[in-house]
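Shown next, in structure tokens, is the structure this report addresses.
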Amino acid sequence: MMEFGGLLVDVSGPGVSCAREPFEIDPELAVGEEYRFADLSERSGRRFLPLGEAGTEFFLAIDEDGVLYLLAAWVFRLGPSDEALENLIRGVKAEKLRLSG
């Protein structure tokens, strides 16, 4: 994942079902957020790995099955990696996951 570090997609404006926001692929943007990733991984039953940031409030994460997510206090499923990147670019609303605890 590090080979794609620094890839910035600068989109904005209305999207299909939500606003489009810029996102950056760079796992190092999540340095210092290990607790957040571990906590949300445990509460969702998935193992999230940092991938970058989306907008001003979300981290991008990927799980072991190649599915992308938005992480903040909640977890939103974007979909399989190729579909998820297209959803981010087009402004397609992500699905909120239910968390335990």
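Can you tell me which residue in the stretch 87-97 is nearest to ILE25 (Cα to Cα), limited to those that are of a type outside the set (Val, Ile, Thr) and surrounded by 13 or more Cβ atoms within 10 Å (Cβ to Cβ)?
Filtering first and then ranking leaves LEU88.
Suppose the filter is surrounded by fewer than 14 Cβ atoms within 10 Å (Cβ to Cβ), of a type in the set (Ser, Thr, Tyr) and either in contact with a helix residue (DSSP H, G or I) (Cβ under 9 Å, 6 or more places away or on another chain) or assigned to a helix (DSSP H, G or I) (or both); does TYR69 pass it?
Taking the combined requirement at face value, the residue does not satisfy it.
Failed condition for TRP74, given (1) more than 21 Å from PRO14 (Cα to Cα); (2) crowded, with 19+ Cβ neighbours inside 10 Å; (3) among the aromatic types (Phe, Trp, Tyr), with all others met?
Condition not satisfied by TRP74: (2).
Among the listed residues PRO50, PRO22, which satisfies the condition of being of a type outside the set (A, V, I, L, M), surrounded by fewer than 16 Cβ atoms within 10 Å (Cβ to Cβ) and touching a Leu at 6+ places or on another chain (Cβ under 9 Å)?
Residue meeting the stated conditions: PRO22.
Which one is surrounded by the fewest Cβ atoms within 10 Å (Cβ to Cβ) among residues in the stretch 29-47 that are aliphatic (A, V, I, L, M) and free of Cβ contacts under 8 Å to residues at least 24 places away in the same chain?
VAL31
Among the residues of the stretch 32-43, are any farther than 20 Å from ARG98 by Cβ, touching a strand residue (DSSP E or B) at 6+ places or on another chain (Cβ under 8 Å) and either modelled with pLDDT of 95 or more or part of a strand (DSSP E or B) (or both)?
Within the stretch 32-43 (the criterion being farther than 20 Å from ARG98 by Cβ, touching a strand residue (DSSP E or B) at 6+ places or on another chain (Cβ under 8 Å) and either modelled with pLDDT of 95 or more or part of a strand (DSSP E or B) (or both)), the answer is yes, since at least one residue qualifies.
Exactly one of (1) free of Cβ contacts under 8 Å to residues at least 24 places away in the same chain; (2) closer than 21 Å to ASP10 by Cα; (3) not polar (S, T, N, Q) is unmet by LEU60. Its number?
Of (1) free of Cβ contacts under 8 Å to residues at least 24 places away in the same chain; (2) closer than 21 Å to ASP10 by Cα; (3) not polar (S, T, N, Q), only one is false for LEU60: (1).
Can you pull out the residues in the stretch 86-101 that are of a type outside the set (D, E, K, R) and in contact (Cβ under 8 Å) with a residue 24 or more places away in the chain?
If the condition is that a residue be of a type outside the set (D, E, K, R) and in contact (Cβ under 8 Å) with a residue 24 or more places away in the chain, then LEU88, ILE89, GLY91, VAL92, ALA94, LEU97, LEU99, SER100, GLY101 are the ones that fit.
The values are calculated or read from the model by the stated rules, or taken from the named source; none is laboratory data. Owing to the predicted nature of the structure, the values given are computational and were not obtained by experimental measurement. Reconstructed Cβ throughout: ideal geometry from the backbone, glycine too, with neighbour counts over all protein chains shown.
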